Amino acid sequence: MVKTYSIAIIGAGPAGTHAAESARIACPSTSIVVISDEQDGFYIREHLNRFLSGTETEDALFEKGRGFDAFKSIGVDLVVDTVTRVDLQGHLLHLAGGGSLGFEQLVIASGAKPRPLGVPGEHLRGVSTFYSIADARHVISLLREPGVKQVVIIGGGTIAFKISPAILAAGKQLAIIERAPRLLPSLLDTGAATIVSRATEARGVRVVLGANIDRFTGVDGAVTGVDVQGTGIIPAQLVIVAAGVSASIQFMKGAPGITLDRGIVVDTSFRANSGGHPPVLAIGDVAQAPDSCHDEQPMLHPSWSFAEESGRHVGSHATGAPGLLPTFMLMTLEVFDLGIISAGRIVDRPGDEVHVRDEGGNVYRKFITCRGKVVGCIMVEPALPRKQARAWLRAAMSSKDGLPYDPSLLSRDVKSLVPVRKGDGS
């Protein structure tokens with residue numbers, strides 16, 4: 001007999017975990033199940049770089065404890081299996097293990113998987129992704145091998161800069177290969193990326209931009225280099241592929257009333273089938289949600305913070321339609337001694353106004369405004385208080401009135417931009 005739950009959540013990452021916890025608080029007696037294809041349990045994927053560098057132990061990544069006891073402690077069932085198909089008409093989830101589960105409401109938080117390059121040699125020993133805790137264990141073991149002297153990272157995005165310091169600290173030669181004409185292409189414009197390139201090369205890292213990979217070379221089944229169009233072979237005994245991810249949505253193909261694009265297209269309440277039954281919601285990396293800084297166009301927002309926020313939001317409204325959660329891309333990052341924050345648009349559109357501070361050094365600020373309101377921001381500077389800047393931008397750009405542009409934003413200390421709340425002792 002098929003067991004039916006009031007709420008079924010696919011995925012036990014940050015989105016699914018926070019959705020389950022918030023739903024349990026909102027609905028103390030509702031039956032909830034989480035289906036996960038991860039064997040290890042919930043861990044802080046954002047801290048895998050700390051595990052790589054040795055500044056955080058593997059046990060510390062499991063802030064809720066290893067395994068899935070945290071779900072059991074709040075009365076949430078856990079099924080370790082893979083969902084292969086969703087039958088909305090029958091209210092059923094079909095599992096790879098042969099079983100099925102019934103549901104009255106479905107929350108999809110299945111996350112994303114690294115995107116393969118699809119080039120010859122990708123399966124050679126020494127070629128790895130860096131997305132899961134299993135990946136991190138594998139890369140750590142390879143870095144300890146005495147024959148590994150040269151490392152190449154494919155992709156100049158956030159993962160590359162999270163793990164570069166640990167690779168350099170291990171005494172390895174490092175090259176970063178990026179297909180786009182600039183580093184961090186989804187976060188920075190050319191001016192900001194130029195500063196990042198200078199800082200990266202100053203650490204002895206080779207940066208190759210606008211590059212396409214032809215193949216990985218190897219001897220006796222082990223990688224020996226990366227063959228780059230127009231550049232030649234860059235030697236490497238370890239290659240880390242960090243060239244983006246794809247939303248895990250294959251099990252939703254053919255589901256009636258669901259629109260699949262790069263992710264699952266949802267409305268401002270994260271509903272994937274507005275008005276449909278049973279209710280289907282998508283959160284985290286799979287949710288292609290209307291972006292408030294891009295004229296409400298459906299966009300993916302692949303970040304740990306968005307996964308947490310969307311999970312909490314949907315979970316806390318488990319018994320009814322979630323209210324609006326203003327959504328726009330907001331990322332912070334540390335690149336060696338530079339702090340970076342990127343929010344909303346990074347490229348202006350016709351009718352926008354652009355305000356830039358670029359003095360040719362290592363400080364860069366850019367604000368894009370539309371009708372006097374900030375719709376995009378890039379900040380790059382040493383010792384940038386990223387946590388404060390993120391909190392300020394998140395609150396200001398999400399508010400009903402938005403963030404009015406003021407020329408002093410180009411020069412003021414970020415700490416002075418954060419409103420002081422009464423009663424906080426300031």
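Each value in this text was obtained by applying a stated rule to the coordinates, not by laboratory testing. Since the model is a prediction, treat every value here as computed from it, not as a measurement. Quick reminder, even Gly has a Cβ in these numbers, built from the backbone with ideal geometry, and neighbours come from all protein chains shown.
Annotations
- Amide H to amide H, with H built 1.01 Å from N, Leu174 comes under 5 Å of Val151, Arg206, counting only residues 5 or more places away or on other chains.
- Cα lying deepest toward the dipole's positive end in region 307-410, options Asn362, Gly311, Ala389, charges on Cβ: Gly311
- Antiparallel %, DSSP beta bridges [both residues in the chain], to 5: 60 percent
- Shape of region 345-417 from the C-alpha gyration tensor: oblate (a/c of 1.5 or more and a/b not above b/c, with a ≥ b ≥ c the square roots of its eigenvalues).
- Remark: the Cα gyration tensor places region 197-298 in the prolate category, a/c being 1.5 or greater and a/b exceeding b/c.
- Sites matching GluC sites (Glu not before Pro) across region 290-359 that sit in DSSP coil, with at most 14 neighbouring C-beta atoms within 10 Å: Glu296, Glu359
- Site-free segments of the chain were taken between trypsin sites (Lys or Arg not before Pro) in DSSP loops having at most 11 other Cβ atoms within 10 Å, sites themselves excluded; the longest one is 1-143.
- Computed from backbone phi, the HN-Hα couplings of region 374-385 come to 6, 10, x, 8, 10, 10, 9, 6, x, 6, 5, x Hz, rounded to whole numbers (Karplus: 6.51 cos²θ - 1.76 cosθ + 1.60, θ = phi - 60°; Gly and Pro given as x).
- For region 226-374, the Cα gyration tensor yields ellipsoid semi-axes of 33, 25, 15 Å (square root of five times each eigenvalue, largest first, whole Å).
- Based on C-alpha pairs under 8 angstrom that are at least 6 apart in sequence, region 116-243 has a relative contact order of 36 percent.
- A straight chain from Arg371 to Ala202 at 0.36 nm per residue would run longer than the Cα-Cα distance by 56.9 nm.
- Region 345-417: relative contact order in percent, alpha carbon pairs under 8 Å with at least 6 residues between: 27 percent
- Cβ-Cβ FRET estimate between Glu296 and Ala391, R0 fixed at 25 Å, reported to 0.05: 0.55
- Where only DSSP H runs of four or more residues are counted, the chain gives -6500 deg cm²/dmol as its mean residue ellipticity at 222 nm, each run worth -39500 (n - 2.57).
- Here the contact order of the chain, divided by its residue count and restricted to Cα pairs under 8 Å and six or more residues apart, works out to 15 percent.
- Label of the coordinate-derived value, volume of the Cα convex hull per residue in Å³, listed as [x] 169; [y] 631; [z] 146: [x]
- The lysines within cross-link reach of Lys64, meaning a Cα-to-Cα straight distance under 24 Å and a gap of 8 or more places when in the same chain, are Lys72, Lys113, Lys162, Lys387.
- Sorted fewest first by neighbouring Cβ atoms within 10 angstrom, Met252, Met299 come out as Met299, Met252.
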